[in-house]
1. Taking 41 Å as R0, compute the FRET efficiency from the Cβ-Cβ separation of residue 133 and residue 100 and round it to 0.05.
2. Answer with one residue from 48, 78, 68: the one whose Cα lies farthest towards the positive end of the charge dipole of the stretch 24-159, charges on Cβ with Lys, Arg +1 and Asp, Glu -1.
3. Residue 90 versus residue 51, label points 7 Å from Cα toward the beta carbon: distance in nm?
4. Just order 40-50, 128-138 by mean Cβ neighbour count inside 10 Å, highest at the front, would you?
5. Could you work out how much longer the chain between residue 80 and residue 147 gets when fully extended? Use 0.36 nm per residue separation minus the Cα distance between them, nm to one decimal.
6. Could you give me the percent of Cα pairs per 5 Å distance bin for the stretch 24-159, shortest bin first, beginning at zero and ending with the bin that holds the maximum distance?
7. If contacts are Cα pairs under 8 angstrom and at least 6 residues apart, what is the relative contact order of the stretch 24-159 in percent?
8. Taking H placed 1.01 Å from N in the peptide plane, check which residues at least 5 places from residue 93 or on another chain put their amide H under 5 Å from its amide H.
Amino acid sequence: MRALALSAAILAIVCSITLAADNPARRVVFVCEHGNVKSLMAASYFNQLAAQRGLPFNAVSRGVALDSPTVPKPIAAGLRADGIDVSHFHPSKVASADLVDAARVIAIGTQIPTKAGEQLIERWDDVPPASTSYDAARSALKAHVAELLDQLSEAHPTAK
């Protein structure tokens with residue numbers, strides 16, 4: 001009987017974590033111009049750090065004006081060096097549905113042309129171009145992401 005209760009408790013925890021990952025209120029949407037550099041880097045670092053912290057948030061990358069179906073090779077190589085595989089990633093254009101009920105919407109060096117409803121759009125306009133300095137873009141994005149996760153943890157105490 002005790003084993004059954006323990007199994008039920010573990011199943012409940014696993015289900016709640018899975019549901020949180022699919023829950024728009026636990027989703028962060030990063031948007032940049034093309035959807036395959038800054039927003040991808042931010043979403044990748046966000047998901048990596050959220051998992052390390054045991055937080056039930058997940059992030060997606062979106063673009064305003066897609067220009068390629070893949071990730072530029074230097075960006076893929078930089079992310080791979082950080083333990084992130086984006087070999088199967090394909091950019092997606094931002095849509096209103098992406099923004100509805102998201103925990104946060106972050107515009108990185110671009111304007112979002114679609115409505116976010118009542119959602120406040122946060123802007124990160126201080127991230128340097130990754131094509132000029134991957135390391136500088138990486139450092140700026142990681143600092144922003146760490147601060148964002150701290151804010152989300154405080155705003156959603158049950159997420160800890």
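The numbers here are math on the coordinates, done by the rules we state, and not lab data. As the structure is a computational prediction, the values presented were derived from the model and not from experiment. Glycine also receives a Cβ, built like all others from the backbone with ideal geometry; neighbour counts cover every protein chain displayed.
1. On the way: r = 35 Å, r/R0 = 0.85.
Rounded to the nearest 0.05, the efficiency is 0.75.
2. 68
3. Roughly 2.2 nm, to one decimal.
4. Numbers: 40-50: 23.9, 128-138: 15.1.
The densest-packed peptide leads the list: 40-50, 128-138.
5. Details: separation 67, 0.36 × 67 = 24.12 nm, distance 2.30 nm.
Length gained, residue 80 through residue 147: 21.8 nm.
6. 2, 11, 22, 25, 21, 13, 5, 1
7. Details: 252 pairs, mean separation 39.1, N = 136.
With pairs under 8 Å counted, the relative contact order is 29 percent.
8. Sorted by chain and number, the residues that satisfy this are 63.
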